[in-house]
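Inspection log for the structure reproduced underneath, given as structure tokens.
The values are calculated or read from the model by the stated rules, or taken from the named source; none is laboratory data. Since the structure is predicted, the reported quantities are computational estimates derived from the model, not experimental observations. No Cβ is skipped: glycine too gets one built from the backbone with ideal geometry, and neighbour counts run over all protein chains shown. Ligands, DNA and RNA are stripped out before the accessible areas are found, and what is left, the full protein with its side chains, is counted by its heavy atoms. Shrake-Rupley method; radii C 1.70, N 1.55, O 1.52, S 1.80 Å.
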Amino acid sequence: MSIRRGLRLPTTRGDWRLMGRTVWLVLTLPVYAAVAAVAAIVSLTLFVVSLNVPLVLDLVIGGSLPLASRLHVLAELYPFIGTSFNPAQGLLLVVVAVLTGVDIGLVTYHFRKHGLDLQQGGAGVAGVILGTLGAGCAACGSAVLLGLLSLLGVSTSLLFLPLDGLEFALFALVVLTLSIYWLAEGMRGGEINGCPVDI
């Protein structure tokens, strides 16, 4: 195997097959499939709740509605159930949540099987953090970023993003995909569930 220099990106069909095979092998283990599923559901819940904090605090947590009504209000916040997101936004949010779950499942596997610490497994952790921030800001990211960048003198032209803030979810999609690829690349040459990870 040749020495690879710099950051490696998934540019060939073999790279994408390596990612798919690694994800498949890890998620066929029930513990890691459960970790990925729970992480995807939790991340989707965090995304939709973070975009509607006052509503959740006032009606779902602190309101006087019956429990069934509170759960109905909460369910209406999710993509494809309620009307908070158009189909493209909803699909993008669900895909980012699923990729976050897959990334967390791979990170958990990699840390447990290879005894890595945070410094050695930093790409996976960074991917999860950046992906979560990017998806969580899909609807309000431009306002948050504008507040941060205004400290540096950036004008309000950031509010006129062509995709109305979905750029942040797309960024999260790219970061999570790269994180999954780098984790798969890190597992190349090993075995998962008795199967070799090599394409």
* Taking ASP15, is it surrounded by 14 or more Cβ atoms within 10 Å (Cβ to Cβ) and of a type in the set (D, E, K, R)? -> yes
* Asked: Among VAL31, VAL48, VAL38, which is the only one that is in a helix (DSSP H, G or I), of a type in the set (A, V, I, L, M) and open to solvent by less than 80 Å² (accessible area, probe 1.4 Å)?
  -> VAL48
* Asked: When the residues of the stretch 57-79 are filtered to those that are outside any helix (DSSP H, G or I) and of a type in the set (Ser, Thr, Tyr), which remaining residue is nearest to LEU44 (Cα to Cα)?
  -> TYR78
* Based on what the data block shows, is ARG5 at negative phi, surrounded by fewer than 17 Cβ atoms within 10 Å (Cβ to Cβ), at pLDDT below 85 and more than 21 Å from the chain's Cα centre (by Cα)? -> yes
* To do: Examine the stretch 95-105 for a residue that is of a type in the set (S, T, N, Q), in a helix (DSSP H, G or I) and surrounded by 14 or more Cβ atoms within 10 Å (Cβ to Cβ), and state whether such a residue exists.
  => yes
* To do: Check off (1) over 26 Å from TRP182 (Cα atoms); (2) within 12 Å of the chain's Cα centre (by Cα) for VAL42 and give me the number that stays unchecked.
  => (1)
* To do: Select from the stretch 51-70 the residues that are open to solvent by less than 70 Å² (accessible area, probe 1.4 Å) and closer than 18 Å to GLY82 by Cα and list them in ascending order.
  => LEU51, ASN52, VAL53, LEU55, VAL56, LEU59, VAL60, SER69, ARG70
* Asked: How many residues are part of a helix (DSSP H, G or I), open to solvent by 10 Å² or more (accessible area, probe 1.4 Å) and of a type in the set (A, V, I, L, M, F, W, C) when one looks only at the stretch 80-94?
  -> 4
